[in-house]
Amino acid sequence: MPHESGNEQQAHMAAGSAVPDYGPARVRGSRRKPRRKTLRYVAWGALGAVLIGGGGAAYAWQHLNGNIHGTDMNAVLGHDRPSQQKDGSMNILLLGSDSRAGTHGQYGSGVSGARADTAMVLHVDKTHKKASVVSIPRDTMVERPQCAKPQGGKAAGAQQAMFNSSYQVGGPACTVKTVEKMSNLRMDHYLEVDFKGFQKLIDELGGVDITTHKAIKDPNSGLALSSGKHTLKGKQALELVRTRHGVGDGSDLGRIQLQQAFIKALIHRADTVDPLGSPAKSYDLADTATKTISADSGLASADKLLGLAKELKGISPDRTNMVTMPVTYDSQDSGRVLPLDKASQRVWTALRQDQPIPKSATQDSVGDKTESPVSAGT
C-alpha cells in the first residue's frame, strides 16, 4: 500500500487544543525539600494551597482540578487491548501534538489539524525507582489501526501510514491504539503538553540549563545557540525541542536527541527548586502545569497527579534510560523511517518483562548512530 502523505512540520512539545477533552506530558511536584523529581509540580501546588490556608486551599485545589482535560481511554478503545501488567510496573504515553490553534502563527503556519510530533513511551519499573523512555520517531511508517474519530464515526486503518498521522485522524486515543498495536504493550495512562503552557512553565522555573557541544542554528524553529553553556528560557526551550534542521541529518532523529537531553535538563532543574521557599510560586507552577496538560481520566485530577508524583519521586536522570525505537531509513522515501522489526520487538519485550532494554537492541538503528549535540546542565 502506498505511503500516506503528510505535511512537513516542526516537532515540539505541544498539546492538542484542537482536540478537546484529551490530554498529556510530564507534571512535577513534591511535598518537601527538593528530592529527585519527575512529575511533581502539581504536588508543589497542592502544598502551596495548603499553606495558603482555610477555604482558599479548597478553592485552589478545585481550581487545579478544573484546569485538567481528560478522557476515558477504556471507553474509547474498548476491550481489544493488550493485557495490563500485574507486576506493579507502569506504561505512560507522553505526547506532544503540533496543533497551532490559538497561537496566531507564532509557531509556524500552513499546517492544518494536529499530529503527534512527540511521542515517548515511559516505562516505570515495578519498584518505581527506575524508568525507560522509548522515543517513537514521528516519521516512522507503521500500520495504523482503524480508530474512532473524536467527532464521531471511524477513521480507516492504513498498512503504511506515518506515525504522527494517528493523532490527526483520531486524536490521542488513536495514537495510544497505534502504539499498543505496534508494541503489544498496554498504555496505562497518557499525558500531553501544549505550546503556550510549555513555554510559560519553563519561564516560571527560571529557565533550564544545557550545554551545546557545537553551535546550532535552525531558521525553521528560530533557534540560534553558540557552542557552550546556556540557560534557556521558555521561548528558546521551545525552539530547542522543535529543532530538526540544525542538527544531525535534518530528520526527526536529531530532534529526538535534543528532546531527550532537554528532559534530563528539566529534571535537573526541578531538583534545585524548593517548594517550601515560596508557596505562592509553587502554586503558580502547579496552575501552569495543570493548564498545560491533558490526560486520560485515570490521571485527570490534581489528586491523581499528586499520587503519581509521589510514586515516581525516586526516579532521577541517572536512573532513566532513554532510547529511540530502532529504525532504518525508508529506501522508498528518504524522509521516512521504518521500524527494525526484530530489534524493536526486543525493546518492547524488555518493557513487557520489566527488564532493562539491552544496548544491543538499538546498536543497528540509524537513531543510535550519532551523539547528541546537547547535554543537560552547565
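The values are calculated or read from the model by the stated rules, or taken from the named source; none is laboratory data. From a predicted model like this one, the values you see are computed outputs, not experimental measurements. Note that we place each Cβ from the backbone using ideal geometry, even for glycine, and neighbour counts take in every protein chain shown. Side chains are part of the model used for accessible areas, which takes the heavy atoms of the whole protein and leaves out ligands, DNA and RNA. Shrake-Rupley method; radii C 1.70, N 1.55, O 1.52, S 1.80 Å.
Counting only protein heavy atoms and a 1.4 Å probe, tell me what percentage of segment 329-368's accessible area is made up of carbon and sulfur.
45
Hey, any idea what % of segment 149-243's accessible area is carbon plus sulfur with a 1.4 Å probe? All intermediate terms of the calculation are to be shown ahead of the outcome.
Values: 1620 of 3510 Å².
Carbon plus sulfur share of accessible area: 46 percent.
7 Å from Cα along Cα→Cβ at both residue 127 and residue 72: what's the point-to-point distance in nm?
3.8
On average, how much accessible surface per residue is there in segment 226-359, in Å², for a 1.4 Å probe, leaving out ligands, DNA and RNA?
40
Check the straight Cα-Cα distances from residue 281 and name the aspartates and glutamates below 15 Å, setting aside those fewer than 8 residues away within the same chain.
Those aspartates and glutamates meeting the cut-off are 203, 204.
If I take R0 = 35 Å and measure r between the Cβ atoms of residue 280 and residue 211 in this structure, what FRET efficiency does the formula 1/(1 + (r/R0)^6) give, to the nearest 0.05?
About 0.65, to the nearest 0.05.
For segment 237-348, take the convex hull of the Cα atoms, compute a quarter of its surface area, and give me that in nm², please.
Values: hull surface 39.2 nm².
Average of the hull's projected areas for segment 237-348 equals 9.8 nm².
For the pairs 229/342; 313/359; 129/217; 217/369; 177/359; 214/342, note any where the Cα-Cα span goes beyond 29 Å. Mind showing how you got there, number by number?
Numbers: 229/342 39 Å; 313/359 26 Å; 129/217 37 Å; 217/369 21 Å; 177/359 27 Å; 214/342 34 Å.
Table pairs above 29 Å Cα-Cα are 229/342; 129/217; 214/342.
Report ³J(HN,Hα) in whole Hz for each residue of segment 157-172, in order, from the Karplus equation J = 6.51 cos²θ - 1.76 cosθ + 1.60 where θ = phi - 60°; Gly and Pro get x.
Working through the residues one at a time gives x, 8, 6, 10, 10, 5, 3, 6, 6, 4, 5, 4, 8, x, x, x Hz.
Whole-Hz Karplus ³J(HN,Hα) for segment 118-127, in order, using 6.51 cos²θ - 1.76 cosθ + 1.60 and θ = phi - 60°, x for Gly and Pro?
After applying 6.51 cos²θ - 1.76 cosθ + 1.60, I find 10, 9, 9, 8, 9, 9, 9, 6, 5, 7 Hz.
Return the long-range amide H neighbours of residue 155 (sequence gap of 5 or more, or a different chain), with a cut-off of under 5 Å between placed amide H atoms.
147, 148, 149
Once amide H atoms are placed 1.01 Å from N in the peptide plane, what residues at a sequence separation of 5 or more from residue 194, or on another chain, have their amide H within under 5 Å of its amide H?
Correct list: 15.
Using θ = phi - 60° and the Karplus curve 6.51 cos²θ - 1.76 cosθ + 1.60, what whole-Hz ³J(HN,Hα) does each residue of segment 322-335 get, with Gly and Pro shown as x?
Per residue, the Karplus-derived 3J(HN,Hα) values read 10, 9, 9, 3, x, 9, 9, 5, 7, 5, 8, 7, 5, x Hz.
Once label points are set 7 Å from the Cα along Cα→Cβ at both residue 203 and residue 310, what is their separation, rounded to one decimal in nm?
3.4
Using the basic label-point model (7 angstrom from Cα toward the beta carbon), what is the residue 346 to residue 321 distance in nanometres?
In this crude spin-label approximation the distance works out to 1.2 nm.
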